[in-house]
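J.: One structure, as structure tokens, below. Some questions next.
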Amino acid sequence: MRKKFTFVILLLCITAFFSSTSFAQAKIAYVNMQQLVVSMPEARKAYDSLQQYQQELLKDGQALVAAYQARASEFDSTQEKLSPAIREVKMKELELAKNNIEEYRQKMEQQLSDREQKLTAPILARAKKAIADLAAEKGYVCVLDNSKDIVVTATCEDLMPAAKQKLGIK
């Protein structure tokens, strides 16, 4: 009986030892990726480039709207003088112009989205690489992005200062 009791105690001690050493090795850190990316100089350049591109696209869209408004104004002032057949043709032309404006707006949004993706992908990749390198250097098994409403505990280290330093951001 005593041998069984000693064996059980020894088994519990070994189990406790191995379980405590496996938990002690997991290091976790956090960083606010959104704040990190926004603070990168190339992000500001990308934002400025995107704003300029958007202004160019808006000019073209405004030209379409101005042409539509001119046609609509002309139609409003002359519709009583037009025959029903011509009035119907003019109304269809106005509807087509209105549809063209909506189609242009959709294409503009898609082009802006594509341009934003093209400009930000290398910036995000550079930031992620810096974070991954820091995690490997400091022995972290997990780095959380706290810009996405996650809970960060006091036992986690903030990698933002080290990441900014690694990226050359002041």
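None of the figures in this text is laboratory data; all of them are computed from the coordinates on show. Keep in mind that this is a model prediction, so the values were computed, not measured. All Cβ positions, even for glycine, are placed from backbone atoms using ideal geometry, and neighbour counts span all protein chains on display.
J.: If the only charges are +1 at each Lys and Arg Cβ and -1 at each Asp and Glu Cβ, what is the size of the charge dipole of the stretch 29-157 around the Cα centre, to the nearest 20 debye?
T.: Values: 18 positive and 20 negative charges, 37 e Å.
The calculated dipole for the stretch 29-157 is roughly 180 debye.
J.: Next up: Considering the dipole of the stretch 24-152 built from charges on the beta carbon (Lys and Arg +1, Asp and Glu -1) around the Cα centre, which of Pro84, Ala72, Leu50 is farthest to its positive end?
T.: Leu50
J.: Here's a follow-up. My understanding is that a pair violates if its Cα-Cα distance is over 20 Å; which of Lys27/Lys170; Lys45/Lys164; Lys98/Lys118 do that in this structure?
T.: Values: Lys27/Lys170 27 Å; Lys45/Lys164 17 Å; Lys98/Lys118 30 Å.
Result: Lys27/Lys170; Lys98/Lys118 exceed 20 Å.
J.: For the stretch 27-80, what class follows from the C-alpha gyration tensor (a ≥ b ≥ c being the square roots of its eigenvalues): rounded when a/c is under 1.5, otherwise prolate if a/b is larger than b/c, else oblate? Numbers along the way, then the final one.
T.: On the way: a/c = 10.14, a/b = 3.72, b/c = 2.73.
Judged from the Cα gyration tensor, the stretch 27-80 comes out prolate (a/c at least 1.5, a/b above b/c).
J.: Please list 3J(HN,Hα) in residue order for the stretch 32-38, calculated via the Karplus relation 6.51 cos²θ - 1.76 cosθ + 1.60 where θ = phi - 60°; whole Hz, with x for glycine and proline.
T.: Result, rounded to whole Hz: 8, 4, 4, 5, 4, 5, 5.
J.: Of the peptides 32-41, 75-84, 136-145, how do they stack up when ordered by the mean number of other Cβ atoms within 10 Å, highest first?
T.: On the way: 32-41: 16.9, 75-84: 10.2, 136-145: 13.9.
Ranking the peptides 32-41, 75-84, 136-145 by packing returns 32-41, 136-145, 75-84.
J.: What are the residues whose amide H is under 5 Å from the amide H of Tyr30, where those residues sit 5 or more places off or on another chain and H is modelled from the backbone?
T.: Leu144, Glu157, Asp158, Leu159
J.: Convert each backbone phi in the stretch 89-99 into a coupling constant with the Karplus relation 6.51 cos²θ - 1.76 cosθ + 1.60 (shift: θ = phi - 60°), then list the ³J(HN,Hα) values in order as whole Hz, x for Gly and Pro.
T.: Each residue of the stretch 89-99 in turn: 4, 5, 5, 5, 4, 5, 5, 5, 4, 5, 5 Hz.
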